[in-house]
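Everything on this sheet refers to the single structure shown next.
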Amino acid sequence: MNTPTLHEHHGRWPQATTLDDFRHNLAAVRARIAAACQRVGRDPASVRLLPVSKTKGEATIRLAYAAGCREFGENKPQEAYRKWEAMADLTDLRWSVIGHLQTNKAKLVARCAAEFQALDSLRVAEALDRRLQAEGRALDVLVQVNTSGEASKYGLSPADAAAFLHALPAFAALRVRGLMTLAILSAEPARVRRCFVLLRDLRDRLRAAAPDGIALDELSMGMSGDYEIAIEEGATVVRVGQAIFGARATPDSDYWPAGAEPR
Ligand SMILES: *Cc1c(COP(=O)(O)O)cnc(C)c1O
C-alpha cells in the first residue's frame, strides 16, 4: 500500500455523489484503519470512524447515511444545528461538534450535539453546562489540546491541561471522555507523528491523576491526511471528511484561521 502524501487537500479526493461512491470510500477508509491497527497490534474495533460532513449538503449527507454512517462531525455549531434540524427524521443519527465554540453558540450545541470535541476554556464549559442543565441533557466532551504549538490552532497548551481537567467536575452535565487534537499541517510524517505522541503521553499522565468522574479513554486524532499515523499512535477516534465525501472547496483556513494552509 502506498503511503499517502500528507495534507494534499485539494484534487486528491474525488467527490462522492452516489451511494456506491460512499460504500467504496467507507470500505477503503475502513481497510486502511484495519491495516494501521494490524501494524501495531490493535483491534480495529477500538477505533471509531467519525465521518466529517462539514460544507456538504443534505442530499449528500443522506447518501452517506444510506451507506451506513450513523454519526457526522461538523466544525461549526450553526451548521451542525441546521443539519440536525433538517435531518431530524433520521432518529438514530448523532451529531458531533468538533470545532471551536463561542459561548453565545453554546445553546445550539447543548440542543443538537451528542458530543462536543473542542472544549478549551472554562467559560465555554460554564456556558455549555448551564445550557445543558436547562435542556435536561448531558453531553460527552473531549478537551482540545494544541499539540503543534501553532498559534493558529485552538486548544489548551499541554501545560495547562491538568489544571483545566481538575476544574471540570464542577460542571455536572459535561461527561469528560478524553482529549482531541489537530496535528501540525506538515508534509513530514515525523512532525505529524510527534503531535499524536504528545497527546497520547499527555493523556497517560493526566489519566494517572485524573479527578473522580473524569475519564480519559478517548484520543480523537487523525484526519484524512494523517489518520493512519494517528491510529499507530493510539487514536480511538479518527475524524475523516475528505477521504469519504471528497475534497472540500472551502480552504481549511476557514476552520483554523491565520495561515494554516497545507504547504
Ligand atoms: C474538517 C475537520 C476534520 C476532517 O478533515 P478532512 O481533511 O476532511 O479529513 C477533522 N477535524 C476537524 C476539527 C475538522 O474541522
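Here, each number is a calculation from the coordinates, and none is a lab measurement. What you see is a predicted model, and the numbers here were worked out from it, not measured in a lab. FYI the Cβ positions are ideal-geometry reconstructions off the backbone, even for glycines, and counts take in every protein chain you see.
Would you please state the base-10 log of I(q)/I(0) at q = 0.16 1/Å for the chain, with intensities from the Debye formula using one equal scatterer on every alpha carbon? Results for the chain at q = 0.16 Å⁻¹ read -1.28. Between the alpha-carbon centres of the stretch 102-147 and the stretch 63-100 there is a gap of 16 Å. Extension gain for the segment Val197 to Asp160, taken as residue separation times 0.36 nm less the Cα-Cα distance, is 11.6 nm to one decimal. Net charge of the neighbourhood of Glu228, taken over other residues with C-beta under 11 Å away and scored Lys/Arg +1, Asp/Glu -1, is 0. Only the Cβ atoms of Lys and Arg (+1) and of Asp and Glu (-1) were treated as charged; on that basis the dipole of the stretch 16-93 about its Cα centre amounts to roughly 380 debye. May I ask what percent, to the nearest 5, of DSSP beta bridges between residues of the stretch 108-178 are antiparallel? Expressed as a percentage, antiparallel bridges in the stretch 108-178 total about 0.
By DSSP, the beta bridges lying fully in the chain are antiparallel in about 0 percent of cases. Summing Lys and Arg as +1 and Asp and Glu as -1 over all other residues whose Cβ lies under 10 Å from the Cβ of Glu74 gives a net charge of +4.
Using the Cα gyration tensor of the stretch 63-150, with a ≥ b ≥ c the square roots of its eigenvalues, what is the shape: rounded (a/c below 1.5), prolate (a/b larger than b/c) or oblate (neither)? Cα axes put the stretch 63-150 in the oblate bin.
For the pair Ala138 and Arg123, the difference between a 0.36 nm per residue extended length and the Cα-Cα distance amounts to 3.7 nm. Placing +1 on each Lys and Arg Cβ and -1 on each Asp and Glu Cβ, with no other charges, gives the chain a dipole about its Cα centre of roughly 120 debye. Once you reduce the stretch 25-40 and the stretch 199-216 to the center of their Cα atoms, the two points are 27 Å from each other. Using the Cβ-Cβ distance between Asp92 and Asp204 with R0 set to 25 Å, the FRET efficiency works out to roughly 0.15.
When the stretch 1-117 is described by a simple charge dipole with +1 on each Lys and Arg Cβ and -1 on each Asp and Glu Cβ, the residue from Val109, Ala88, Gly57 located farthest towards its positive end is Val109. Per-residue extension of 0.36 nm, minus the Cα-Cα distance of Gln78 and Leu19, leaves a gain of 18.6 nm for this segment.
Ordered from longest to shortest, the equivalent ellipsoid semi-axes for the stretch 133-263 are 26, 17, 14 Å, each the square root of 5 times a Cα gyration tensor eigenvalue.
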